[in-house]
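So the structure is just underneath, and the comments pick up after that.
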Amino acid sequence: MRASHFLSSVLLAGSLVGCSLVPEPELPPPPSPYTDLPGRTSTLSGVVYDPEAFFFLMANWPSDPDHPEEDPPPALYDGVPFLMYSSVPMADISVLAPDHSVGGSTTGSPTGSWQLSGVPSSSTVPYSARATPPAGEVVLGAAYMDPEAPPPPVTAPSASYYPTTTLRPIVPHSTLCQLQVATMVGDAGALTAIANTLTDTGTPTTVADLMNPAKTAGVALLWVYSPSFELDVFMIPADGIAAETNMGQLFAIDWAPPDAGIPGQSPMGYMAIPDPGAMSPLGYYAVVLPPKSEVTEPLQVTFTDTVTSEEGDFPRPWVIPPVVEEIREGVSFGRVFSFPGGEPPPVDETEEPVPFPESNSQCYPEAPGGMRRRG
C-alpha cells in the first residue's frame, strides 16, 4: 500500500509539472453586444435650371390683357412654364465641401429634378452644388416639349453650357434638404455679353477665354432678387441695387429684347456695362476674377439698396447679405435674396419658438445677426 501510494504521488506531481510547462490558450473575448452605428446622412433634392433663360422666358411670355391674374408667377413652382422650359435635363449634380471633397453625386432627371442620398450630415460643413451639363446638346425643357403638339410660345436660344457652381451654401444638418436649387449657365447670356464688351473696349475676349484658368480665376454671376414670403422661391429681379467687389472687374448686367439690335448683346439679350459705378436695373452683376496666382483672399461682393420706400409689403432700403466665397475656377452663380427693411416686428417673449419646417430652410447656414444666409 505504501509503494502504491508513493507511485501515485510521483505521477500526480509529474502531471502538475507538465501542466505548468504548457500554458492554457487564451480565449478571445466574447463579442460585444454593441456596434458602432453608421454616420448620419442627409438626402438633398431639388431642381437644376438656367436662371438667365428663366428671366428671358418671363420677359417674353405672352400675357392675356383681359386676365392678367392668370399669368404664370415668377416662381420655382411645378408647372410654371418659365421653370419648365429653363430646366436642364440629365445634368450631373455633385455637392462639394470647402476642401473640394465630394459629398455625393447623382444624375438629374429629364425634367431637371434631382435627388441625392447619403450626404454626410453636418451643422458646420457648407456644401456647394455643382451642375455639369450632360454630353451632347442641351435642350432646355426637352421633356416638356411634345413633338406632336404645338411648341411653347417662347423658347430660350440654344447655348453651350458650362459646369456651374451655385454659391448658395447647403449645410445638411437636417435629414431632408428639399427645394435645393442648382444653377447652370451657358454662352447665350451674360458670359457672351461680357466677352463682347471686353472685345469692344480693346481686349479681344471669347467665352472660352473667360473659362481659361490661365487667364482668369473664373466668373462669378450674382443676381439680387426682391424679398418674398416664400424664401427663395420667387425670382423677382431687384432694381436700385448697387454693388462693390474687393477684386476683379465688375460688370452691371442689363437686358433688352434681342431684336433691339443693341451692340454687344448676347443671343438672350443681355448686355454688360463695364462702368464700376453703374447699377443694373435687374440687380444682376458679374465679376471677372483675376488670374488665380493674383488671388490672396476670398471674393467679397457687397450690395446696397439705394431706394427708400415704405410702400408695399417690404419697406426699403432692403437688407442684402454680402457674398463671401472662396475662389472656384470656372463659372459660379449666386442667387442673392434681399430682406425687408424697416424696424423688425416685436418679439413676443411669451410664445414658444416654432421650429422651421422640414424644407429648404432647414439647410441654410446661419448668418451674422440671426439671418439665414442666401445667395
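The values are calculated or read from the model by the stated rules, or taken from the named source; none is laboratory data. The structure displayed is predicted, hence computed values, not measured ones. In this analysis, Cβ positions are derived from the backbone assuming ideal geometry, glycine residues included, and neighbour counts consider all displayed protein chains. Ligands, DNA and RNA are stripped out before the accessible areas are found, and what is left, the full protein with its side chains, is counted by its heavy atoms. Shrake-Rupley method; radii C 1.70, N 1.55, O 1.52, S 1.80 Å.
Spin-label model, THR302 to ILE236: label points 7 Å out along the Cα-to-beta-carbon direction sit 2.7 nm apart.
Please work out how much length the chain gains when fully extended from THR41 to ALA260, using 0.36 nm per residue of separation minus the C-alpha to C-alpha distance, in nm with one decimal.
Details: separation 219, 0.36 × 219 = 78.84 nm, distance 5.07 nm.
That works out to 73.8 nm of additional length.
Rounded, prolate or oblate: which one fits region 47-189, using the alpha carbon gyration tensor with axes a ≥ b ≥ c (rounded when a/c is under 1.5, else prolate when a/b beats b/c, else oblate)? Numbers along the way, then the final one.
Details: a/c = 2.30, a/b = 1.76, b/c = 1.31.
Note, shape of region 47-189 comes out prolate.
What ranking, highest mean first, results for peptides 277-285, 321-329 when packing means the other Cβ atoms within 10 Å averaged over each residue?
Details: 277-285: 21.1, 321-329: 17.8.
For the peptides 277-285, 321-329, the packing ranking is 277-285, 321-329.
Using the Cβ of PRO263 as centre and a radius below 15 Å, the other residues enclosed give a net charge of -3, where K and R count +1 and D and E count -1.
Over all other residues within a Cβ to Cβ distance under 13 Å of GLU52, the charged ones net out to -2, with Lys and Arg as +1 and Asp and Glu as -1. Using label points projected 7 Å from each Cα along Cα→Cβ, tell me how many nm separate ALA142 and VAL319, to one decimal. Going from the ALA142 label point to the VAL319 one covers 4.5 nm.
Once you reduce region 288-306 and region 40-78 to the center of their Cα atoms, the two points are 29 Å from each other. For region 26-114, with all protein chains in place and a probe radius of 1.4 Å, 58% of the accessible heavy-atom surface sits on carbon or sulfur.
Per-residue accessible area (protein heavy atoms, 1.4 Å probe) orders VAL319, VAL102, VAL295 as VAL102, VAL319, VAL295, starting from the largest.
Filter the GluC sites (Glu not before Pro) in region 221-323 to those in DSSP coil with at most 13 other Cβ atoms within 10 Å of their Cβ, and list the result. Before the final figure, lay out the partial values.
Details: sites: GLU230, GLU244, GLU294, GLU310, GLU311; in loops: GLU230, GLU310, GLU311.
Qualifying residues, ordered by number: GLU230, GLU310, GLU311.
Rank THR304, VAL233, ASN246 by how far each Cα sits towards the positive end of the charge dipole of region 209-352 (+1 on Lys, Arg Cβ; -1 on Asp, Glu Cβ) and give me just the farthest. Going by the Cα projections, it comes out as ASN246.
Would you mind counting up the charge near ALA242? Only other residues with Cβ under 14 Å from its Cβ, with Lys and Arg at +1 and Asp and Glu at -1. Write down the numbers at each step before the final one.
On the way: positive: ARG316; negative: ASP239, GLU244, ASP275, ASP305.
Neighbour charge sum, excluding ALA242 itself: -3.
Can you put LEU191, LEU176, LEU96 in order of accessible area, largest first, using a 1.4 Å probe? Working shown, then result.
Numbers: LEU191 0, LEU176 65, LEU96 25 Å².
Output order, biggest surface exposure first: LEU176, LEU96, LEU191.
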